[in-house]
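Here is the structure we will look at, set down as structure tokens.
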Amino acid sequence: QVQVVESGGGLVQAGGSLRLSCAASGSIFGINAMNWYRQAPGKQRELVAGMTTGGSTKYADSVKGRFTISRDNAKNTVYLQMNSLKPEDTAVYYCKVVWYDASNYWGQGTQVTVSS
């Protein structure tokens, strides 16, 4: 079992920045990847960025060049640095931990609101 806790959301003006954190605890030895998703009202949840334990990263086209995923292995935490935020980035952001057996563990989500 893995527990996942996100933090760092909030209200920011367009063009501003936020940094989200995702801390994993529990059976962390089995973690294969940690990914960030978001879900805006009335829309499907979508992948924003992801990082494997090997360090490979991926980004949605809509955030490339603006968002950066990073990690602190000592803290079992991944971060999502979000710069040049746009109103269309407004959503609930979720962290998903992927275990070696493909099990998924989700956090409770953190709200990001970007005002125009």
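The values are calculated or read from the model by the stated rules, or taken from the named source; none is laboratory data. These numbers were taken from a predicted model, which means no experiment stands behind them. Methodologically, a virtual Cβ is constructed for each residue, glycine included, from the backbone with ideal geometry; neighbour enumeration extends over all protein chains shown. These accessible areas exclude ligands, DNA and RNA; they are computed on the full protein's heavy atoms, side chains included. Shrake-Rupley method; radii C 1.70, N 1.55, O 1.52, S 1.80 Å.
Only one of these is at pLDDT 95 or above and exposed (fewer than 14 other Cβ atoms within 10 Å of the Cβ): 9, 107, 65, 16. Name it.
On inspection, the qualifying residue turns out to be 65.
Working only within region 46-58, note down all residues that are within 20 Å of residue 31 (Cβ to Cβ) and not small (Gly, Ala, Ser).
Hits for region 46-58 are 47, 48, 51, 52, 53, 57, 58.
Would you say residue 90 is open to solvent by less than 60 Å² (accessible area, probe 1.4 Å), at pLDDT below 95 and out of contact with any helix residue (DSSP H, G or I) (no Cβ under 8 Å at 6 or more places or on another chain)?
No.
Of the residues that sit in region 20-48 and are within 14 Å of residue 91 (Cα to Cα) and outside any loop (DSSP other than H, G, I, E, B), which one is nearest to the chain's Cα centre (by Cα)?
Of everything passing the filter in region 20-48, 36 is nearest to the chain's Cα centre (by Cα).
Which residue pairs have Cβ atoms closer than 9 Å, lie 6 or more positions apart in sequence or on different chains, and pair a first residue in region 85-97 that is farther than 30 Å from residue 53 by Cβ and among the hydroxyl-bearing types (Ser, Thr, Tyr) with a second residue that is assigned to a loop (DSSP other than H, G, I, E, B) and open to solvent by 10 Å² or more (accessible area, probe 1.4 Å)?
Here the result reads 90/40; 90/41, each pair linking region 85-97 to a residue that is assigned to a loop (DSSP other than H, G, I, E, B) and open to solvent by 10 Å² or more (accessible area, probe 1.4 Å).
Just checking, does region 52-59 include any residue being part of a strand (DSSP E or B), open to solvent by 30 Å² or more (accessible area, probe 1.4 Å), basic (Lys, Arg) and without any contact (Cβ under 8 Å) to a residue 24 or more places away in the chain?
For region 52-59, residues part of a strand (DSSP E or B), open to solvent by 30 Å² or more (accessible area, probe 1.4 Å), basic (Lys, Arg) and without any contact (Cβ under 8 Å) to a residue 24 or more places away in the chain: present.
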